[in-house]
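Just so it is clear, none of the values below were taken in a lab; they were calculated from the coordinates. Being a predicted model, the structure only gives us computed values, none of them experimental. Cβ coordinates were reconstructed from backbone atoms using ideal geometry, including for glycine residues, and neighbour counts include every protein chain displayed.
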Amino acid sequence: MNGANGSPAARPTFLEEGRMHSDPVSFTDFDGTGASPGAHLEFQAPQRPTLPKRGTLRAESAKSISEALRLAQSREEQETLLGEHEQADDDGCYPPRSSDEPRAPNPHRSLPVYTTIHKIRRLIIASIDDPYSLEQLKSPRMNVAVIRPLVEHLYDPDDVSMVYCLLVNRVQFLREQSYQAHHQTVNITRANVCELIASRVLRRYDEDHQGREGLLMLANVLVAGFEPFQNAPAEVIHHNRTDLHWTIRWGLTRPEYQRMLTALEVAIVSESKNFLSSSACQKIVENVYRGRIIYTPTSFMDFLPDHYKNRGISLYDPRKAPYLNQYRLIVPRTRNVIEVVQFVVLLVLYVLVMVYKARTIGPTHLKFTIYELVFTIYAMGWVLDEIASVCEHGWTVHTENLWSFLDITFVVIFWTYFIIRLHGLTTDDGSTSKLALDILSMAAPVLLPRLAFCLMSENMLFISLRAMMADFTFLTVLAVWCFGGFLIAMRWLSETQDGYSPHGFMTIAKWMLWIWFGLDGTGIQRSEEMHWFLGPTLMITFAFLGNTLFLTILVAMLSNTYTNLAQNATAEIQFRRAVLTFEGVKSDALFAYRPPFNVLALLILLPLKWVLSDRWFHKVNITAVRVLNAPILLAVSLYERRYLWKRSKMLSPPRKHTWLTMWERFGAHGDLQAVFETDPPQSVIDEMDDVDDVLGGDDWDNGYVNALRARRDSRATSVASGVWGRTMSRDPGRRMNGFRRRSTRDEMSGPGDAEV
C-alpha cells in the first residue's frame, strides 16, 4: 500500500502520540473509491465522561444498588444446589435432554470459526505494529486506545467460539516468533494481546450472564469443542483434509469430535497463565473439578472406546442421578483421590518386594515371591493407565502435569526391569534376575518424591522444582558437551607419555566430576602423569571453568527461575490446577476400571468391541464398571448428594453469634464489625439513591459505566449468530473503533484481503 509518491503509507493505529482524545483524528482514505490522495476521513473522539450531579436522573438509573445486590446474589446461586423448579433428567443433567437420542447434537455447529480466526488475525496485525511489554499493554493509555476498542468489537454474546479463536491466534503468533526474527518481539506482543483480549471477553461473558444459565454459558465458552476448519469454504476443506484421521478410521475416537479442541486446552498448550488465572476461568475450572459441570470431553485416542452416548455440557444434580453412576469415576476430584490411593498401593507393594527380595545370587532369584507377583500384575495396570493418559489428550498436555516426568521415569524403569526379569527366568540365569531387581531398586528415588508431589501439588517449592530441574538438565547437558573436549584432550595426552600411562576415559571423567562438584582434587595431582605442563594446565583450566564459572551461572539461572515463579505464584498454581482438571476429565472407558482390572478389560472387552453393536457394548461396559466399582460409586453418590453443591465455609459469611464475636464487642474496635451485621432500614436506603444516579444514565455523557455495559444494543442481530455478521454502531461516542481500515497483502501475513 503506497502513498502518492510511491512510498509506503503509514498505517493508522489506535494510539496517536501527542494527541488528546478530544482532538479530531484523521486517516487517509484507501478504500479505492477514487477519492483524491489528500482526502481524509475525520471523526470526533468522545469527550471524557463526567459524573452527574447529586439528585439528577434518580428514576433513570440503569444499574441501581438493588440490581447490584441482585447480581451478587445471582452469582451466589451458582454455588448452591439446583432449585425445585429446575428439573434435571434421569441422568442428573440440567438442562434435561430434549430427546431420547444417545448423542446430543453439537449446538455450535453453525458458528463461523474459520472466518473468525482469520478476521481476528487481521485485526490484531493491523492494531499492533510495535513491541510492547505486558505491563505496557495493561496501562490506561493502551487500554483506552487499543485493548478496549478490540474487546468492544469482538465481544458477542451469541458467539461462544470467540475466546477459542483468540487463543488459536495466540498459538500461531507464538509459533511465528520462533522463525521470524525480524518480527519476533512484535509477534510476542500480538500473542499477549490475544490472551489479554480473551480474558476480557471471558469476563464480560461472566458479567452479562448470571445465575445457572450464565454458568452454563461460561462453560460452553471454555469446554465446548470447536474445529479450526469449521464452516470453512469447500475448497479450503478439500485442500487441507483429504481423508479421515487414522483414529477415526479405526474407531479409536468419536467421529463427531474429529480435530475438535476446547478453549481450555488451547490455553494450556499456549501456556496462557494470565488467562487461566482469571476469576471467570477459575470458576469453571473449579466446577468441572468438583463435578458440578459435566460434559463429554474431546480426546486424541481411546484404548477402550465406548462412543454410544455423548453428553452435552450440563449441570449435575446428584439427587436425580442413579446411585451407581459410572460417569462419576472420571470426575477430576474423584479421580484424583482414587489415583492417590492407587499410587499408595503401588508404593506399598514396591516396598514389600524390595524388603523380601533374595539377598544372595542363586536359585532364589529364579523364583517369583508372592509380593513380586502381585506387584508386577498391579504395576502393569498402573502403567497401562499412565500410557492411556498420555494418549487421551496428547503428550503436550500430559507433560504440563506437575509429576508427569516422575511417572514416565517409573514406566521406563518398570519395563526395563520386567524385560530383564523375564530374560533371566527364561535363560535360568540368577545373575540376570539379580540385575533386574537392582534396576527396580532405582525406582525408589522416583516413587517417594512422587507421593509428596501428589499430596502437596500446589506447593510453590514443588512447582519451582519442576521448572528448575528443566533448567538444570539443559545446562548440564550443554556443559558436558562443551567440557567433552577437555576429556578427549587429556585422554590423548596419556597416550603420548613414555611407558604409556593407562588412564582411560572413565578414570579421567571421574576425576573431572569430582573437581566439578568440589569433592576431591585427585585429578589435579595425577594430571602430571599425562604431561608435566599440559596436563595440569588443562585440569586447572577445567576447574576454573567448571567449578567456578559453570556453578555460578547455574545458581544465577536457578535463582532467576525461582524468582520469576514466586512473583507469579498465584498464576502458576492456578495454571497447574487447570491442567489437573482438564486432564482429569476422561472419555476413555478404560479409566473406569481400577488396576489391574483395566488390563483384563482391555484384553476381554476390546475384542467384544468389534463383535457387538455400540448399544450392546455400552450395556456390557457399564454393567462391568458398576459391578467392579459398586462400593466406590455408592460412597461417591452418598457424599455428593449432601456436599456437592454445598457452599464452602470459606465463601459463607461468618456466624453472627459466637463466643469470639461476643468477646470482640467488648474491645475498642467492636463497632467496626457490628455496623455491618444488620441491614440498613428502608429510610436509609432511600437516602442512598443518589449512588444509583452516579452509576446510571442513558447516554455516554451522563453515565460512563452504563455506556460501557450497554453492549448488546450496539449491534444488530446476525443471521448465523456470528460476530462478523453484525453491524458496527454509528455512534462514535459509544464505539471508539467505529471506523474501517484496509490493509494489503504485503502488510498482512494472513491469507486473503478481506476488510477488517
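Once you place label points 7 Å from the Cα toward the Cβ at SER431 and ASP679, how far apart are they in nm?
Here the answer is 8.5 nm between the modelled labels.
Given 0.36 nm per residue, what is the gain on full extension from ALA566 to ALA234 after removing their alpha carbon distance, in nm?
Numbers: separation 332, 0.36 × 332 = 119.52 nm, distance 4.92 nm.
Value of the extension gain: 114.6 nm.
Which of LYS309/LYS646; LYS138/LYS273; LYS320/LYS609; LYS357/LYS510; LYS283/LYS619; LYS283/LYS320 have a Cα-Cα distance over 26 Å?
Where the Cα-Cα span goes over 26 Å, the pairs concerned are LYS309/LYS646; LYS320/LYS609; LYS357/LYS510; LYS283/LYS619.
What is the gain in length, in nm to one decimal, between ALA452 and SER279 on full extension, counting 0.36 nm per residue of separation less the C-alpha to C-alpha distance?
Contour length minus Cα-Cα distance gives 59.5 nm.
Quick check: residue separation of ASP89 and ASP158 times 0.36 nm, minus the Cα distance between them. What number comes out in nm?
Length gained between ASP89 and ASP158: 22.2 nm.
For a quick protection proxy, order the peptides 203-210, 146-153 by their average other-Cβ count within 10 Å, most packed first.
146-153, 203-210
Explain nothing, just the number: relative contact order of the range 332-455, from Cα pairs under 8 Å at least 6 residues apart, as a whole percent.
31 percent
Quote the FRET efficiency, to the nearest 0.05, computed for SER133 versus LEU600 with a Förster distance R0 of 51 Å and r equal to the Cβ-Cβ distance. Before the final figure, lay out the partial values.
Details: r = 56 Å, r/R0 = 1.09.
The pair SER133/LEU600 has a calculated efficiency of 0.35.
Compute the separation of the alpha-carbon centres of the range 177-232 and the range 502-557 and state it in Å as a whole number.
Centre-to-centre distance over Cα atoms comes out at 53 Å.
With the crude spin-label approximation of a point 7 Å out along Cα→Cβ, what separation in nm comes out for TYR308 versus MET506?
Computed distance between label sites TYR308 and MET506 equals 6.0 nm.
First measure r as the distance between the Cβ atoms of GLU207 and VAL555, then evaluate 1/(1 + (r/R0)^6) with R0 = 51 Å and state the FRET efficiency to the nearest 0.05.
Efficiency for this residue pair is about 0.65.
Please give the Cα centre distance for the range 403-456 versus the range 595-618, rounded to the nearest Å.
Taking the Cα centre of each part, the range 403-456 and the range 595-618 sit 29 Å apart.
Going by average Cβ density within 10 Å per residue, which order do the peptides 599-609, 579-589, 276-286, 188-198 take, highest to lowest?
Top to bottom by mean Cβ count within 10 Å: 188-198, 579-589, 276-286, 599-609.
What is the local net charge at THR563, summed over the other residues whose Cβ is closer than 14 Å to its Cβ (Lys, Arg +1; Asp, Glu -1)?
Cβ neighbours under 14 Å give a net charge of -2.
Starting at the first residue of the range 439-453, write each ³J(HN,Hα) from the Karplus equation 6.51 cos²θ - 1.76 cosθ + 1.60 with θ = phi - 60°, in whole Hz, x for Gly and Pro.
Using θ = phi - 60°, the values come out as 5, 5, 5, 6, 7, 4, x, 9, 6, 5, x, 4, 5, 5, 4 Hz.
What ranking do TRP511, TRP645, TRP532 get, fewest neighbouring Cβ atoms within 10 angstrom at the top?
Sorted ascending by nearby Cβ count, the order is TRP532, TRP645, TRP511.
How far apart, in nm, are two points set 7 Å out from the Cα along the Cα-to-Cβ line at PHE472 and at THR396?
A separation of 2.9 nm, rounded to one decimal place.
For the range 466-572, what number results from the quotient of the Cα radius of gyration and 2.2 N^0.38 Å?
1.35
Please turn the phi angles of the range 620-637 into ³J(HN,Hα) values with the Karplus equation 6.51 cos²θ - 1.76 cosθ + 1.60 (θ = phi - 60°), one per residue in order, whole Hz, x for glycine and proline.
5, 5, 5, 5, 5, 5, 5, 5, 6, 10, 4, x, 5, 5, 5, 5, 5, 5
Between ARG491 and LYS619, what is the FRET efficiency for a Förster distance of 60 Å, r being their Cβ-Cβ separation, to the nearest 0.05?
The formula returns an efficiency of 0.30 here.
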